[in-house]
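Below is one structure; the comments refer to it alone.
The values are calculated or read from the model by the stated rules, or taken from the named source; none is laboratory data. Since the structure is predicted, the reported quantities are computational estimates derived from the model, not experimental observations. Glycine gets a Cβ as well: all are built from the backbone with ideal geometry, and neighbour counts include every protein chain shown.
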Amino acid sequence: MALDQLYQEILLDHYKQPRNKGVLVDPNVRLELKNPFCGDEILLTLRVDDGVVTDVAFSGHGCVISQASASVMTEKIKGMTVQQVKQMAEQFSDLVKTGHAETVLREGGDDLDAFSGVCEFPTRVKCAMLAWRTLLQGLEHHEHQHHYLDDEKSRATD
Ligand code: ZN
């Protein structure tokens, strides 16, 4: 089987049988983003405890690349620290823009590699990045909230 074909199979598999599809009951991160260029939508719910992603689910609809990307992402990030997630997001962005991946992504496995062909279609980079952008923005909101709460706490004890 040609590599392109294998990659297509992986993407279609995730599209048809998405992993972690749904909405968490008790998330502390929740964000929805859209990609108007393609009509893709992703709603991401996360549970982050002590800086580690302990649970994640996504729902949404759109093209194969956007939905498969979200499915693969949820599989990869469960159990990762927020720092590791950010690093992987950066490398995934490099991968879909250039077709080349850094070391950490390689260790992450083949399902992420399946997106290396996206770089040949610049308009689809937004599709592949939608879930990751949602994730990063959601984590950012979460961190701000926490800093705010920490500030409140330190003020209360002053
Ligand atoms: Zn799309």
- loosely packed, with under 15 Cβ neighbours inside 10 Å and either in contact with a Cys (Cβ under 8 Å, 6 or more places away or on another chain) or without any contact (Cβ under 8 Å) to a residue 12 or more places away in the chain (or both): does that describe Leu3? yes
- Message: Against the conditions (1) part of a helix (DSSP H, G or I); (2) more than 24 Å from Leu6 (Cβ to Cβ); (3) at pLDDT 95 or above, where does Ala131 fall short? Just the number, please.
- Response: (2)
- Message: Looking only at segment 21-43, count every residue that is within 16 Å of the ligand (Cβ to nearest atom) and small (Gly, Ala, Ser) and tell me the total.
- Response: 1
- Task: Could you grab the pairs with beta carbons closer than 7 Å, sequence gap of 6+ or different chains, first residue in segment 30-43 and closer than 23 Å to Glu143 by Cα and outside any strand (DSSP E or B), second one near the ligand (Cβ under 10 Å from one of its atoms) and of a type outside the set (S, T, N, Q)?
- Result: none
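Say whether the condition of being out of contact with any strand residue (DSSP E or B) (no Cβ under 8 Å at 6 or more places or on another chain), within 16 Å of the ligand (Cβ to nearest atom) and not small (Gly, Ala, Ser) is met by at least one residue in segment 98-112.
At the first step, the residues of segment 98-112 found to be out of contact with any strand residue (DSSP E or B) (no Cβ under 8 Å at 6 or more places or on another chain) are 98-112.
Next cut, within 16 Å of the ligand (Cβ to nearest atom) only: none.
Checking segment 98-112: not a single residue is out of contact with any strand residue (DSSP E or B) (no Cβ under 8 Å at 6 or more places or on another chain), within 16 Å of the ligand (Cβ to nearest atom) and not small (Gly, Ala, Ser).
Based on what the data block shows, is Glu9 within 20 Å of Leu136 (Cβ to Cβ), out of contact with any Cys (no Cβ under 8 Å at 6 or more places or on another chain) and either within 16 Å of the ligand (Cβ to nearest atom) or at pLDDT below 95 (or both)? I'd like the intermediate steps shown before the answer.
Details: within 20 Å of Leu136 (Cβ to Cβ): no; out of contact with any Cys (no Cβ under 8 Å at 6 or more places or on another chain): yes; either within 16 Å of the ligand (Cβ to nearest atom) or at pLDDT below 95 (or both): yes.
Answer is no for this residue.
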- Task: State all residues of segment 44-60 that are within 16 Å of the ligand (Cβ to nearest atom) and surrounded by fewer than 18 Cβ atoms within 10 Å (Cβ to Cβ); if no residue qualifies, say none.
- Result: Ser59
- From Val64, Val72, Val29, Val85, grab the single residue that is touching a Cys at 6+ places or on another chain (Cβ under 9 Å) and either surrounded by fewer than 18 Cβ atoms within 10 Å (Cβ to Cβ) or of a type outside the set (Phe, Trp, Tyr) (or both). Val64
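Show me the helices (runs of 4 or more DSSP H) found entirely inside segment 49-120 where at least 3 residues are over 14 Å from His14 (Cβ atoms) and free of Cβ contacts under 8 Å to residues at least 40 places away in the same chain. If you could, list the steps in order and put the result at the bottom.
Numbers: elements: 64-77, 82-98, 103-108, 110-113.
Helices (runs of 4 or more DSSP H) meeting the threshold: 82-98, 103-108.
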- Restricting attention to segment 5-59, which residues are acidic (Asp, Glu) and within 18 Å of Ser71 (Cβ to Cβ)? Glu9, Asp13, Glu32, Asp40, Glu41, Asp55
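One line per residue, one yes/no per condition, for (1) within 13 Å of the ligand (Cβ to nearest atom); (2) over 23 Å from Leu3 (Cα atoms); (3) not aliphatic (A, V, I, L, M):
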site: Gly62; (1), (2), (3): yes, yes, yes
site: Ser69; (1), (2), (3): yes, no, yes
site: Met73; (1), (2), (3): no, no, no
site: Met80; (1), (2), (3): no, yes, no
site: Gln84; (1), (2), (3): no, yes, yes
site: Ala114; (1), (2), (3): no, no, no
site: Glu120; (1), (2), (3): no, no, yes
